[in-house]
1. From the helices alone, meaning DSSP H stretches of at least four residues, give me the mean residue ellipticity at 222 nm for chain A, per-run term -39500 (n - 2.57), in deg cm²/dmol to the nearest 500.
2. Could you give the distance between the Cα centres of region B:94-152 and region B:21-90, to the whole Å?
3. Along the positive direction of the dipole of the protein assembly as shown (beta-carbon charges: Lys, Arg +1; Asp, Glu -1; about the Cα centre), which of B:Ala42, A:Pro37, B:Tyr23 reaches farthest?
4. Under a Cβ-Cβ cut-off of 12 Å, what is the net charge of the residues other than A:Ala123 that fall near it, where Lys and Arg count +1 and Asp and Glu count -1?
5. Measuring from label point to label point, each 7 Å out along Cα→Cβ, what is the B:Gln44 to B:Lys236 span in nm?
6. Which FRET efficiency value, to the nearest 0.05, do you get for A:Leu122 and B:Ile252 by plugging their Cβ-Cβ distance into 1/(1 + (r/R0)^6) with R0 = 41 Å?
7. Would you please give the FRET efficiency between B:Thr271 and B:Thr33, computed as 1/(1 + (r/R0)^6) with r the Cβ-Cβ distance and R0 = 45 Å, to the nearest 0.05?
8. Under 18 Å between alpha carbons, and skipping anything fewer than 8 positions from B:Lys48 in its own chain: which aspartates and glutamates qualify?
Amino acid sequence: MAILEIKNLIVSVEDQVILDGINLVVRGGETHAIMGPNGTGKSTLAQVIMGHPKYHIDCGEILLDGRRLNEMSVDERSRAGLFLAMQNPTEVPGVTNFDFVKTAVQAHLLSGQHLRIGKFILALEDAAKELKMGSGLAHRYVNEGFSGGEKKRNEILQMKLIKPSIAFLDEIDSGLDVDALRIVGENVTAMKSPDLGLILITHYQRLLDSIVPDFVHIMIRGKIVKTGGRELIAKIDAEGYDWLKVELGIDEFVEKKKPVSLGTCATKSLK
Amino acid sequence: MKIPQCFVDKNATIVFGKKSVEYQGNYPGIRITNDGWSIQVANQKQWKNPITMVMKGQKTPANLYIHLKTGISASFSIYYLVNPDWANVGLFVKLDAGAKLTLNNVFIGKYNSNFMVNRVITQADTSEVDLSSGIVVSGNTKIVDHYELNGEKSRLSAVLLAISGQKEIFSSIQEVFHNRPVSQSNVTNLLVSAGKSQMHVDVTETIGKGNFQSICHQNNRGIILEEKGSITVEPKLIIDEYDVDAGHGCAIGQINANELYYLLSRGIDETTAKRLIISGYLTPLYKRIDNPGFLKILSRTIELQMKGNDC
């Protein structure tokens, strides 16, 4: 059973702290939901765990099955078992989905193992069928010309084939219509097992109706300020985050504004 | 240079040897000239299928003259197997009214000093040229292209893909002249600089006075794989007519960081990820090559070139 441990994680960008002491443990078989207002660091957390080069960890530790990820490159983290279904999946022109997914699956094989191409093609076709992605997917260029819903389903397709042990799904529900949300929900729920720990980042209850979480965390200003069960989802859906102001004694959620120097004007002294 | 196995189909391939045509299938109208060969295509029936031509290395000037007579449609893939003792080569194409040519032109191999290619394409009324070129040559390379749109409603589409490795210098001069009204050109250059190579492309498109409703566009894209490589592009439009549609664009940079991150996040190591992204970049050229054997040779050569080895 996989275990992801995030210990006192502090991350800043240009002197501004964006993750402020995150502590979280996700075990295989568990589903966690992270909710929170816009700009509170939810997606940043997922990107930092994945190793996005834009972010630098000031303090803290990320462990996957006891292995420290902090110094690992992005691809090493993926091969260690992490997966991030991205909020805005990148288009890769000219590279077919088939070549991309095949290379990714190959990269996850242990040394000495070889990809059986026939088996892979069948698995790809099955996954595409289960996600109702239609034929021709394999020969389309990665995410190019895909609708918003297709892009998100393509992320889940990759996840099904790569079989990670810990997966972050970052706003996988955005851009999905009701039917597509149901399909994604069914597929992700079908993947739930003791071998997979899930972290869902979302704003809406509707995703959590289809993929039911065991834990719900609320993030504000780079911190997990509250953790609870499913009851939190309904409360947030009905009342937003204002009630937390009172409960946690937070005056306002407005972003801290840093003073900005507008420079100095050239002056001319008149005699 | 030995002819690769993929070109052994003697019925579908014309092979130009050192001094003679080694085999030409059933294709008529090939003549040996003082400085190369000349092909005149006048009968549609005899030239209806796509034809592969292979140019082996020559010491003497190796010019190829192709003339498509009125209304002829033809599709040629011309592969130059460049070798170290090759002299300059030339490709001169003339299209009469209504002729249509799809031309894939690939240069592959190794040259010791400066390899030079001259290409001239002249088009009459309503003729169409769809040209796709690939240059993967070890050694300094210069290619000079001269396109004359001498016919009304003539149309040219030219895509050039060049990959330079090691310390090579690649330069390309492209001139497009719109000499008649309602003529149309679209020029695309895709450049990949690996190692310490320097690439320079100079594109000039000219629409003269009176050549109204002409359209000319050019698009240049370059990827620099290593810090010491360089790509410079000079896109130019010289327009002397109001009623035209013209534009140019150029984008040069390193591999797109978002694309790279996306591939890495799926466990693909950096070298493989970069190779995959570049292969996507090369897709427009690959898609045009219908000979699977040659495609394998080309992709292997490109891989070697990008690793800094000789082709």
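1. -10000 deg cm²/dmol
2. 13
3. B:Tyr23
4. +3
5. Result for the modelled spin labels: 4.0 nm.
6. 0.45
7. Plugging the Cβ-Cβ distance into 1/(1 + (r/R0)^6) gives 0.45.
8. B:Asp9, B:Asp96, B:Glu128, B:Asp130, B:Asp290
Laboratory data are not the source of any read-out in this text; all were calculated from the coordinates shown. Here the structure is a predicted model, which is why all the values come from computation and not from measurement. Please note: Cβ atoms are built from the backbone with ideal geometry, for glycine as well, and neighbour counts cover all protein chains shown.
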